[in-house]
Amino acid sequence: MRKELNLEFATRVINHGPVVLVASLYDDKANITPVAWTMPISKKPPMVALEIGRKHFIFECIKKTKDFTVNIVSPEYVKDLLKCGKVSGRSVDKFDETSFSKSDSRVIKSPGLNEALAVMECELIQDTYLEEEYNIIAGKVKYVEIEEGAFNEHWLFQDEKFKTVHHLGDRTFCFPDGKIIDIR
């Protein structure tokens, strides 16, 4: 079961570099796509950036709806994640083609994923220069929820079910091994 995360820790949900599934709407049609290039860009207020090609359907969805969710899934969903990256949401309902199902968001219109370890609800920050020059979509994080036991000011990877997916290139992925070194 997921629980609300204090926005103070929102950017830590993605700062370790997982592949995320971004979900948004186009009219009433939900779409999801994997994104490997993500980063936090501000802690206060919490903001994130995603690199998404302007020709991708999800880019259009986000621009139209003006919001999106960032969903982090575990390795058991890596095949579904790949499937989402191989087809366009313009022609295929990715929810019908995968085991992913929609969850209602608390603050925005776009759905999250029921299967996600964490869901970040984001409002689009309009930045024409970043969008046109670099394919960067920026979002202000409005709400975050994360699987209970998966996070305590940072991810806890010791439990297999809380590992995240990391893209190394092509069809190669890795998962954190759970070793944590605290040098405080």
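Each value in this text was obtained by applying a stated rule to the coordinates, not by laboratory testing. Keep in mind it's a predicted model, so treat the numbers as computed, not measured. In this analysis, Cβ positions are derived from the backbone assuming ideal geometry, glycine residues included, and neighbour counts consider all displayed protein chains.
Each residue in region 143-179 was checked for being without any contact (Cβ under 8 Å) to a residue 60 or more places away in the chain, part of a strand (DSSP E or B) and either within 14 Å of the chain's Cα centre (by Cα) or at negative phi (or both), and 3 pass. Consider region 20-29 and keep the residues that are in a strand (DSSP E or B) and out of contact with any Ser or Thr (no Cβ under 6 Å at 6 or more places or on another chain). The one that is surrounded by the most Cβ atoms within 10 Å (Cβ to Cβ) is LEU21. Inspect all residues belonging to region 94-114 and state whether any of them is surrounded by 19 or more Cβ atoms within 10 Å (Cβ to Cβ), out of contact with any Asp or Glu (no Cβ under 7 Å at 6 or more places or on another chain) and more than 23 Å from PHE9 (Cβ to Cβ). Within region 94-114 (the criterion being surrounded by 19 or more Cβ atoms within 10 Å (Cβ to Cβ), out of contact with any Asp or Glu (no Cβ under 7 Å at 6 or more places or on another chain) and more than 23 Å from PHE9 (Cβ to Cβ)), the answer is yes, since at least one residue qualifies.
Within the bounds of region 121-140, is there any residue that is under 21 Å from THR65 (Cβ atoms), touching a residue at least 12 places away in the same chain (Cβ under 8 Å), touching a Cys at 6+ places or on another chain (Cβ under 9 Å) and assigned to a loop (DSSP other than H, G, I, E, B)? No, the conditions are met nowhere in region 121-140. The set of residues from region 30-76 being assigned to a helix (DSSP H, G or I) and among the hydrophobic types (A, V, I, L, M, F, W, C) comprises PHE57, ILE58, PHE59, CYS61, ILE62. Contact map, region 102-115: residues that are more than 17 Å from ASP27 (Cβ to Cβ) paired with residues that are surrounded by fewer than 16 Cβ atoms within 10 Å (Cβ to Cβ) and small (Gly, Ala, Ser), Cβ distance under 9 Å, separation 6+ or inter-chain. Pairs shown: LEU113/SER101; ASN114/SER101; GLU115/SER99; GLU115/SER101.
Taking region 68-93, which residues are surrounded by 21 or more Cβ atoms within 10 Å (Cβ to Cβ) and within 14 Å of the chain's Cα centre (by Cα)? Passing the criteria: PHE68, THR69, VAL70, ASN71, ILE72, VAL73, TYR77, LEU81, CYS84.
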